[in-house]
Each structure stands twice: as C-alpha cells, then as structure tokens.
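Worksheet: the structure to be examined is printed underneath.
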Amino acid sequence: MPSIWLQRIALFLSLNWIFWQNYFNELPSDIGDGIMHYFISNAVWSDPINLLDHWGKPFYILMSCAFTILGMNGVVFFNMLTFALTVWVGWKIIDHLKIAEVWKVGLPFLLVLTPEYAVTMLSALTEPLFSLVFLTATLFFLQKKWALFAIFMGILPFCRSEGQLAWILAVAILAFYRQWKTIPFLALPFVIYGIAGWFALGDFMWYFNQSPYSMGNDIYGRGTWAHYFISYKNYLGNHGLVLLVLSFITLPFFIFKRKGTKDEWFFMVMSSGMFFAILAAHVIFWAKGLNGSMGLTRITTQALPSLLIVCFLLLDRFEQLNVLRKPLYPSLVILVGLSLYSFKRLKTYQDFTLMQMAIVNGSKKLNQDQALLPGKFFYHHPLFAINMGFNSNRPDDRSAFVWFRPYEEAKARMNDGDYVVWDGLFGPQEMGVAFQTLQSDSNFILLREYPSLGPFDINGLYLFQKVPAKYKQENGAIQSSVISSEVIQFQKGTNEFGNNIIEFSPEDPSGFYHLTFSKSAPVILTLSDQAHFVYETQPIDSLKTFDFYHQKGSELSVYIWNNNKVEMDSMTVKVEQIQKSYPKPYKP
C-alpha cells in the first residue's frame with residue numbers, strides 16, 4: 001500500500017473519531033467558554049458588532065460565524081475542517097523538511113489522542129484555529145514567503161491573546177533575515193481591525209484599551225507553580241512526553257553533528273519557543289493569580305502541532321532511527337495500533353454529570369413554563385441559556401435574558417418580578433453569591449429547584465424571583481407534604497456495612513426524602529452511588545433528621561456505616577418522601 005494512502009486513512013479515521021465523539025456526547029466538551037464562543041459567533045448575524053468582540057476572539061468569530069447557522073454541530077464541523085487543514089499543513093512542513101513519512105501517518109493520531117487537544121475540537125473553543133494559523137505561518141517561513149508569514153503571525157493576536165507573543169518572535173526572525181520591508185505586514189491585521197474598531201467603537205486602539213483580561217483572579221483564585229507540569233497528560237499526553245524526552249536526548253547529536261540548516265534551527269526555535277512561552281506565561285499567571293487564568297491546561301495545546309513536528313525533525317535526524325525512513329511497515333503498525341486505541345477511547349471526554357443533568361433538565365422545564373414566568377432572567381451558566389433556546393449576545397434576546405456578574409450589580413438593575421437563575425457551579429463563583437444569601441434575602445423567593453445529587457449541599461439549578469419584602473412575608477414559604485412513609489428497623493449488632501436504609505436505581509423518579517432517627521448512635525449516615533463514590537456523610541450521634549434528594553438517572557445508596565464496628569443498639573429510621581409546593585410567581 002503506498003504511503004500516501006496510509007496517511008489519508010489515518011486522517012480519515014481521526015476525523016471519523018471526532019465525528020462519532022461529537023455524535024455520542026450529550027453536551028459540548030466545554031460547557032463554559034465552549035458555549036459562550038458559539039453564542040458570540042452566532043450573534044454576528046443579528047448584531048455585526050460581535051465581530052469585534054475581544055473576548056470572543058475576532059478572527060475566530062469571522063471564520064466560524066457561518067458554521068454557527070447549523071448550531072453547535074456546525075462549530076464542530078468547522079473544527080473538523082480546521083483539524084484536517086492543520087494535518088495537511090503539517091504534512092507540507094514534513095515534506096519540506098524531508099522528514100520520514102512515517103511521522104505523517106502518526107501526526108493526526110497523536111493530536112486526537114492528546115486529551116485536551118481533542119476536547120477543544122468538540123465545542124466552540126479557539127485553540128484549534130490558533131494552531132492552524134501558527135502552523136501555516138511557520139510553513140510560509142520555510143517557503144520564504146515573507147509577507148504571508150508576517151500577515152499570519154499578525155493575525156494570531158486576533159485568534160487568541162497569546163498571539164501577542166508571536167509578534168515578538170516574528171519581528172526577531174524578520175530582523176535576522178533582514179526582511180525590513182516585510183515587518184510592516186505584521187501590523188496589517190492590527191491596522192485593519194483598528195480601522196474597523198474606529199468606525200464601530202470609536203477607538204482605533206480598542207484591542208489594547210478594551211482587553212477583557214485586565215483583571216486578577218479574584219473569583220478563580222491561584223494555584224501552585226507545579227500545576228501545569230503535574231497536569232502534562234492533559235496537553236501533551238504520555239505519547240507527547242515520550243516524544244519530547246527523546247527529542248531532548250537527540251538534541252546534542254543534532255547540534256554537534258551540525259545536522260540542521262539555518263531555516264530548520266529557526267523553525268525549531270519558533271515552534272518550540274511558542275509552545276514553551278505560552279506554557280511559561282500561564283504557569284506564572286496561575287501561580288500569581290493574574291489574568292483570570294483558572295489554571296486551564298488546554299491553553300497549552302495552541303502550539304502542540306508545531307511542537308510535535310519539531311520532535312519529528314529531531315528524531316528523524318538521529319542516525320540510529322534511520323530505519324523509520326522505510327515507511328510501509330512501521331506506518332502500518334502505527335496506523336493499526338493507534339486507530340484501535342483511539343476508538344477504544346471513544347466517548348470518554350464528556351461525561352454527563354449529575355449537576356449538568358440537573359441544569360439541563362431544569363432549563364428545559366423552565367423553557368416549557370416560560371409563558372407563566374414573565375420578567376427578565378438574570379443568569380450565568382451557558383447550559384441554562386442554550387437549553388432555554390436563547391443567546392444573550394443577540395439584541396432580541398437581551399430584553400428577556402441577562403448574563404451578569406457580580407450579584408450586587410445585578411440586584412441593583414433588577415425590577416420586582418425579575419429572576420435570578422442560580423446554579424451550583426457559576427452561582428457562588430462568577431455570580432459571587434451564595435445560595436443561602438439569596439434564600440435569606442427579604443427580596444427573593446425560591447420559585448423552582450432542580451437539585452443534583454452531588455458532593456455539595458446545594459448543587460443544581462434554582463430559580464429565585466425578586467419580590468417586595470411584604471410579598472415574601474405573606475406568600476414566600478415553600479409548603480411540604482408527606483406522600484409516602486416507611487419505618488425501617490435495625491437490630492443490635494456490630495456490622496460495618498449492610499445496614500441499608502434505601503436504594504435507588506437510575507429509573508426511579510426524582511424526589512425529596514426526609515429521614516428521622518429514633519436515637520443517636522456512634523455511626524455514620526452515608527450517601528453513595530453504586531461505584532461507592534461517597535457524596536455525603538453525617539455522624540448520627542449529632543443527627544436527628546436528615547433531608548436528601550434523589551435525582552432520576554442516578555444510582556444512590558443510603559445506609560448506616562458502622563465504621564468503628566461498635567455495638568449499635570436497635571433503632572428505627574423513618575423514611576418519608578416529600579412533595580414540595582412552591583410560591584406562585586409575583587406579578588407586578
């Protein structure tokens with residue numbers, strides 16, 4: 001079989017993997033930024049000013065907006081095209097550098113097998129496009145197409161903010177090659193976007209003056225210096241680490257044997273330099289609590305394709321590996337092995353967690369009841385928005401749905417009758433308000449709750465409404481009634497396990513439950529799933545009653561754990577299923 005067909009099959013299988021991964025996933029792989037970038041690109045059709053949304057990345061918006069007409073699947077299709085072009089450009093570079101063709105077969109597999117590179121292709125994230133533009137710029141460098149090299153390097157800051165590093169690299173390279181007349185081409189994308197900003201925003205320097213990253217990590221905190229190195233599997237994978245280590249081992253040979261040309265050296269410095277510069281910048285940002293870093297490791301995949309080709313180059317020039325220049329049999333082994341491995345990993349990146357399930361189901365129910373809930377919705381979680389079928393970046397939706405931060409600002413803008421959609425993830429973080437704060441506020445009542453089984457006391461989706469204090473006093477209480485009851489008797493004993501109170505299968509309906517214990521005991525009440533993941537434990541010696549929620553779709557065991565194997569007296573546990581009645585919405 002000719003080598004070219006092995007390469008095409010490798011690319012086809014990798015694209016096939018992305019397609020089926022997206023087909024099986026119940027949610028986008030990134031439910032935060034991955035949805036918000038989609039909203040911004042999609043809103044271009046109703047409000048073109050979104051083309052200059054700094055946080056949404058202007059060049060990404062320009063390239064992807066046509067695909068958003070097909071929804072989130074259209075964005076994944078755009079990423080599949082981006083991936084195919086990335087691999088094709090990578091092959092062009094491998095040919096130009098005269099690297100063994102076996103590496104052309106491995107390139108698409110090595111990319112999709114890198115967890116967070118694969119994740120970025122399965123939602124509206126900007127890293128894949130950055131990878132393509134940067135890799136294309138390096139190809140133009142090798143081909144000595146200096147104007148195109150400068151223009152593409154100049155585009156990078158409009159793909160992601162880390163592209164500002166590319167300007168520094170490009171100026172240094174163009175100066176070394178004495179391409180003084182080409183340097184102004186580097187500024188061409190900035191001038192074009194600056195003129196657009198001048199007309200649309202009244203600010204030629206909007207790229208710098210309206211940066212969304214001029215902030216600390218107040219809501220995200222900070223981490224350790226080691227975080228990105230410990231998490232290498234996310235953005236390199238074990239296969240990437242092995243390639244990188246082997247490349248460092250062969251680097252002295254490359255240096256002392258003078259195997260590299262000047263162009264190859266600059267290609268390596270530029271490609272690996274971009275990767276390690278991005279890595280170093282975010283190590284500092286996360287350790288110092290700067291620029292809203294969050295410690296996201298997917299950021300580092302932006303120059304991963306370029307780094308892999310640098311590794312290929314170093315290994316190819318190592319004489320002891322010249323056997324790899326016979327591409328057929330090694331390529332076939334890599335093709336079969338990696339394809340089987342990649343399909344084995346199908347449907348591993350996006351698990352539909354119980355909290356996400358609660359948010360999705362709650363949003364869909366609120367969407368059905370929207371006619372009964374007049375007023376604005378102040379929210380933060382993108383899953384709520386996409387399942388309500390709206391996009392707050394579109395002018396028509398802004399009158400009814402408001403994405404906001406922080407809570408105090410939103411409260412001042414809200415009228416009586418408006419709603420706060422609080423969730424267990426973004427509520428205490430981006431919104432900056434605890435559930436208990438809203439619950440105890442004299443101007444808010446709880447209208448709906450869609451809890452999630454999970455490791456937090458309050459976890460799921462909750463709908464609060466702003467009301468006059470008098471209305472809350474008179475109408476704001478939640479009424480509870482018992483719809484079923486059972487008493488379970490436990491005998492004396494020292495059994496560590498086996499004291500089951502109640503078990504739920506995924507098919508059992510959702511419901512609230514109230515437990516009453518006849519006496520205290522030196523044992524622990526435990527809630528866990530069938531995989532023995534413990535959600536919550538409570539010592540019964542300080543507990544008389546306990547309330548919990550079972551979410552349909554989850555397996556749940558509620559039992560008494562006699563962890564110290566003490567003599568436990570006989571006791572009874574009363575199990576009551578509770579039905580809640582919520583206040584009627586306030587109508588101004």
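The values are calculated or read from the model by the stated rules, or taken from the named source; none is laboratory data. Keep in mind it's a predicted model, so treat the numbers as computed, not measured. Because the Cβ atoms are built from the backbone with ideal geometry, glycine has one as well, and the counts that use them run over all protein chains shown.
With respect to (1) hydrophobic (A, V, I, L, M, F, W, C); (2) not in a loop (DSSP other than H, G, I, E, B); (3) not assigned by TED's automatic domain parsing to the domain that holds residue 367, the lone exception for residue 464 is condition (3). Can you find a residue that is under 28 Å from residue 308 (Cα atoms), surrounded by fewer than 21 Cβ atoms within 10 Å (Cβ to Cβ) and either of a type outside the set (Ser, Thr, Tyr) or in the same structural domain as residue 162 (by TED's automatic domain parsing) (or both) anywhere in region 32-42? Within region 32-42, one or more residues are under 28 Å from residue 308 (Cα atoms), surrounded by fewer than 21 Cβ atoms within 10 Å (Cβ to Cβ) and either of a type outside the set (Ser, Thr, Tyr) or in the same structural domain as residue 162 (by TED's automatic domain parsing) (or both). Residues in region 538-551 that are under 23 Å from residue 505 (Cα atoms) and crowded, with 17+ Cβ neighbours inside 10 Å: 546, 548, 549, 550, 551. Remark: residue 432 matches the filter, which requires a residue to be surrounded by fewer than 23 Cβ atoms within 10 Å (Cβ to Cβ), at positive phi and either at pLDDT 90 or above or outside the structural domain of residue 47 (by TED's automatic domain parsing) (or both). Somewhere in region 100-118, is a residue small (Gly, Ala, Ser), within 23 Å of residue 66 (Cα to Cα) and at pLDDT 95 or above? No.
Being of a type in the set (D, E, K, R), within 21 Å of the chain's Cα centre (by Cα) and assigned by TED's automatic domain parsing to the domain that holds residue 37 is a property that residue 101 lacks.
Given the options 17, 55, name the one that is farther than 17 Å from residue 390 by Cβ, surrounded by fewer than 19 Cβ atoms within 10 Å (Cβ to Cβ), of a type in the set (Phe, Trp, Tyr) and modelled with pLDDT under 95. One residue alone meets the criteria, 55.
Just one residue in the set 486, 503, 449, 507 is in a strand (DSSP E or B) and within 25 Å of residue 364 (Cβ to Cβ); that residue is 449.
Each row is one residue, and each column tells you yes or no for (1) more than 24 Å from residue 491 (Cβ to Cβ); (2) in the same structural domain as residue 450 (by TED's automatic domain parsing); (3) more than 30 Å from the chain's Cα centre (by Cα); (4) modelled with pLDDT under 80.
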{"site": "538", "(1), (2), (3), (4)": "no, no, yes, yes"}
{"site": "541", "(1), (2), (3), (4)": "no, no, yes, yes"}
{"site": "551", "(1), (2), (3), (4)": "yes, no, no, no"}
{"site": "554", "(1), (2), (3), (4)": "yes, no, no, no"}
{"site": "558", "(1), (2), (3), (4)": "no, no, yes, no"}
{"site": "563", "(1), (2), (3), (4)": "no, no, yes, yes"}
{"site": "572", "(1), (2), (3), (4)": "no, no, yes, no"}
{"site": "588", "(1), (2), (3), (4)": "yes, no, yes, no"}
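Quick check, is residue 475 modelled with pLDDT of 90 or more and under 30 Å from residue 385 (Cα atoms)?
Here the answer is yes, as residue 475 does meet what is asked.
For region 272-293, a residue qualifies if it is surrounded by 19 or more Cβ atoms within 10 Å (Cβ to Cβ) and outside any helix (DSSP H, G or I), and the qualifying residues are 291, 293.
For every residue, the table says whether it meets (1) among the hydrophobic types (A, V, I, L, M, F, W, C); (2) under 24 Å from residue 261 (Cβ atoms).
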{"residue": "97", "(1), (2)": "yes, yes"}
{"residue": "125", "(1), (2)": "yes, no"}
{"residue": "136", "(1), (2)": "no, yes"}
{"residue": "141", "(1), (2)": "yes, yes"}
{"residue": "179", "(1), (2)": "no, yes"}
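Please enumerate the residues belonging to region 416-436 that are more than 23 Å from residue 385 (Cβ to Cβ) and without any contact (Cβ under 8 Å) to a residue 60 or more places away in the chain.
Result: 436, single match.
Examine region 332-348 for a residue that is assigned to a loop (DSSP other than H, G, I, E, B), under 30 Å from residue 112 (Cβ atoms) and modelled with pLDDT of 55 or more, and state whether such a residue exists. The answer is no; no qualifying residue exists. If you check residue 12 against the conditions, is it within 26 Å of residue 424 (Cα to Cα) and either in a helix (DSSP H, G or I) or not assigned by TED's automatic domain parsing to the domain that holds residue 160 (or both)? Against the criterion (within 26 Å of residue 424 (Cα to Cα) and either in a helix (DSSP H, G or I) or not assigned by TED's automatic domain parsing to the domain that holds residue 160 (or both)), residue 12 does not qualify. What about residue 163, is it of a type outside the set (A, V, I, L, M), surrounded by fewer than 22 Cβ atoms within 10 Å (Cβ to Cβ) and modelled with pLDDT under 95? So residue 163 fails the test. Counting only residues that are part of a helix (DSSP H, G or I) and in contact with a helix residue (DSSP H, G or I) (Cβ under 7 Å, 6 or more places away or on another chain), which one in region 20-36 is farthest from residue 380 (Cα to Cα)? If we take residues in region 20-36 being part of a helix (DSSP H, G or I) and in contact with a helix residue (DSSP H, G or I) (Cβ under 7 Å, 6 or more places away or on another chain), then 22 is farthest from residue 380 (Cα to Cα). Summed over region 477-515, the residues that are within 30 Å of residue 444 (Cα to Cα) and of a type in the set (Val, Ile, Thr) give a count of 3. Which one is nearest to residue 448 (Cα to Cα), of the residues in region 474-532 that are surrounded by fewer than 14 Cβ atoms within 10 Å (Cβ to Cβ) and of a type in the set (Val, Ile, Thr)? Going through the qualifying residues, I end up with 478. Of the residues making up region 60-93, those that are among the small types (Gly, Ala, Ser), surrounded by fewer than 20 Cβ atoms within 10 Å (Cβ to Cβ) and closer than 19 Å to residue 33 by Cβ are 71, 74. Of everything in region 464-492 that is among the basic types (Lys, Arg) and over 40 Å from the mean Cα position of the chain (by Cα), the residue that is nearest to residue 560 (Cα to Cα) is 492. Checking each residue in region 437-448 for being within 29 Å of the chain's Cα centre (by Cα) and touching a residue at least 60 places away in the same chain (Cβ under 8 Å) picks out only 448.
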